[in-house]
There are 2 protein chains.
Amino acid sequence: MGITKSNLFSEEQNRLSTLLKVLAHPARIAILQHLASTPGCINTDLVQELGLAQATVSQHLKALKEAGIIQGSIEGNCLCYCIDTERWQEVKQQIMSFLSEIA
Amino acid sequence: MGITKSNLFSEEQNRLSTLLKVLAHPARIAILQHLASTPGCINTDLVQELGLAQATVSQHLKALKEAGIIQGSIEGNCLCYCIDTERWQEVKQQIMSFLSEIA
DNA sequence: AATATTCATCGTAATATTGCGATATTAAAA
DNA sequence: TTTTAATATCGCAATATTACGATGAATATT
């Protein structure tokens with residue numbers, strides 16, 4: 001089928017898996033790492049940095065934005081993305097909680 | 001295309017994303033949670049527990065096994081799966097290291 | 001005003017994932 | 001030895017993801 005049977009699982013299991021899925025791509029990992037290490041959050045740089053097409057990068061940014069992990073603010077001509085630190089703490093907490101639950 | 005351009009990213013970024021992808025499914029999360037909470041690691045129970053078809057559960061187990069996270073040992077008629085604790089520590093370490101790298 | 005730059009979105013193609021029935025395979029049980 | 005039970009694997013269908021070119025919308029530059 002290709003569709004995950006979310007109804008079989010708990011709210012929390014679904015939420016966690018959705019979150020992990022967003023992080024489970026090297027481009028999105030690279031974007032987060034770059035945004036973390038670059039104080040003034042740059043955007044077009046990412047296209048250069050990653051070597052992916054602009055449309056593709058934009059798509060990855062959208063996924064991160066929809067998960068609430070990053071935020072964009074308009075800065076004249078440019079869009080300035082940066083990590084939502086508060087939300088990231090939440091994300092971190094949820095994942096770490098799962099990790100330590102296992103063993 | 002649908003194919004991730006792994007060559008654009010570092011070994012570590014690829015390794016991490018592969019790991020996260022394995023965890024990014026509610027059924028596999030549920031399996032790990034069940035194996036963690038059930039001392040004698042049971043298998044067919046999972047089919048009942050999850051409500052997915054046997055073939056589907058078997059597939060998810062395979063994914064976890066290939067990632068080295070669980071191990072199966074033959075126990076007469078049954079296959080007995082349990083978490084590879086040592087490997088799980090490694091997995092945990094890698095993910096946590098990434099999480100704290102960001103913010 | 002005309003042009004250039006930045007970014008989002010649409011449409012599309014290629015590939016991956018999810019799920020399951022059917023069918024092996026293997027070992028216990030009858 | 002036949003049957004039953006437990007798993008794995010194959011093959012397929014449905015859906016999701018990844019990637020990109022083309023295009024559009026908005027602002028900056030000339």
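The values are calculated or read from the model by the stated rules, or taken from the named source; none is laboratory data. Only a predicted model underlies this, so the values are computations on that prediction, with no experimental measurement involved. All Cβ positions, glycine included, derive from the backbone under ideal geometry; neighbour counts span all protein chains shown.
For this structure, a couple of remarks:
- Looking only at region A:30-81, and only at residues there that are outside any helix (DSSP H, G or I), among the hydrophobic types (A, V, I, L, M, F, W, C) and more than 9 Å from DNA strand C (Cβ to nearest atom), the one that is surrounded by the fewest Cβ atoms within 10 Å (Cβ to Cβ): A:ALA67
- Residue within region B:57-78 that is among the hydroxyl-bearing types (Ser, Thr, Tyr), within 12 Å of DNA strand D (Cβ to nearest atom) and within 11 Å of chain A (Cβ to nearest Cβ) present: no
- Candidates are the residues of region B:1-27 that are within 8 Å of DNA strand C (Cβ to nearest atom) and at the interface with chain A (Cβ under 8 Å from one of its Cβ atoms); the one that is modelled with the lowest pLDDT is B:THR4.
- Scanning region B:47-103 for residues that are of a type in the set (Phe, Trp, Tyr), within 17 Å of B:ALA30 (Cα to Cα) and at pLDDT 95 or above yields a single hit, B:TRP88.
- Condition met for A:GLU86 (more than 7 Å from chain B (Cβ to nearest Cβ), of a type in the set (D, E, K, R), more than 30 Å from B:THR85 (Cα to Cα) and over 13 Å from the mean Cα position of the chain (by Cα)): yes
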